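Below is one structure, written out as structure tokens; the observations come after it.
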Amino acid sequence: AQKVTQAQTEISVVEKEDVTLDCVYETRDTTYYLFWYKQPPSGELVFLIRRNSFDEQNEISGRYSWNFQKSTSSFNFTITASQVVDSAVYFCALSDPNDYKLSFGAGTTVTVRA
Amino acid sequence: DGGITQSPKYLFRKEGQNVTLSCEQNLNHDAMYWYRQDPGQGLRLIYYSQIVNDFQKGDIAEGYSVSREKKESFPLTVTSAQKNPTAFYLCASSFRGDNEQFFGPGTRLTVL
């Protein structure tokens, strides 16, 4: 069975602070994909990144960066120099390689205060 | 513009009534999905369909039904058998064999 745990329910920071969101996953599969999605107040999920299990390189995209560590089954997400527009719920998800279903974590609500 | 549309954005129904949520996509995606989101919880899969005229139950299919008569459309019916239907419902789609899913804006259903 696949499981994704986002232990942080809510994080509140002041603008320009860095914020790191934790994601720990469980799977018996050797091939799998990990995702991060952003859900702004409008409700629509916005795709941020996909990482396959064979690629452990860290990824940076603007103010966003991701740290994938297979040894600890973690795929953490950092927002550098946070902005008010980063306020949203962020979901980590794991893909089933057999039928491409996504298993989501409970989400972390990030609030960035001006 | 290509995308996924869900209508309406807000829906109110009386208890005991069936209600159908619309999901349409013009991305030429083969696969479509329905998720339910409750406060403080992640998304849970209700039903999914990889091709037209075929669909499978997800983790919480009880009290829901779907159809997939056209590639572009995947309507979800919330039946009176669903014990707690008030929730935010999200539709998604993807190319078959691709696990990157694109999401619609969602429908917030409130059963009074």
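Numbers for the structure displayed
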item	result
GNM flexibility winner over chain B from B:GLN41, B:GLN25, B:GLN101 (Cα, springs under 10 Å)	B:GLN41
Value of relative contact order over chain B, rounded to a whole percent, pairs C-alpha under 8 Å and six or more apart	35 percent
Descending semi-axes in Å of chain B, equivalent ellipsoid built from Cα gyration tensor	22, 14, 13
Shape category assigned to the range A:52-114 from the gyration tensor of Cα positions, a/c cut at 1.5	oblate
Share of carbon and sulfur in the accessible heavy-atom surface of the protein assembly as shown [1.4 Å probe, %]	47 percent
Mean-position separation - Cα centroids, the range B:56-84 and the range A:62-114, in angstrom	28 Å
Beta bridges per DSSP with both ends in chain B, % antiparallel, nearest 5	90 percent
Pair-distance profile P(r), taking every C-alpha pair of chain A, with 10 angstrom steps and integer %	14, 48, 30, 7, 0
Part-to-part distance (alpha-carbon centres) for the range B:11-25 and the range A:3-26, which is given in Å	34 Å
Neighbourhood charge, 14 Å Cβ-Cβ cut-off, centred on A:LEU45 and excluding it, Lys, Arg +1 and Asp, Glu -1	+2
Chain A - accessible surface per residue (Å², probe 1.4 Å)	49 Å²
The protein assembly as shown - Rg and Dmax from Cα coordinates, angstrom	17.6, 52
Chains A and B, summed buried accessible surface - 1.4 Å probe, Å², nearest 100	1700 Å²
Accessible surface, 1.4 Å probe, highest first, among residues B:GLU24, A:GLU10	A:GLU10, B:GLU24
Cα-centre dipole for the range B:1-98 with unit charges at Cβ (Lys and Arg positive, Asp and Glu negative), debye to 20	260 debye
Interface residues in the range A:70-104 - accessible area drops by 20 Å² or more relative to the isolated chain, probe 1.4 Å	A:PHE91, A:ASP99, A:TYR100, A:LYS101, A:LEU102, A:PHE104
Heavy-atom surface of chain B, accessible at 1.4 Å and reported per residue (Å²)	48 Å²
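The values are calculated or read from the model by the stated rules, or taken from the named source; none is laboratory data. It should be emphasised that the depicted structure is a prediction, and the values quoted were computed from it without experimental measurement. No Cβ is skipped: glycine too gets one built from the backbone with ideal geometry, and neighbour counts run over all protein chains shown. With ligands, DNA and RNA removed, areas are computed over all heavy atoms of the protein, side chains included. Shrake-Rupley method; radii C 1.70, N 1.55, O 1.52, S 1.80 Å.
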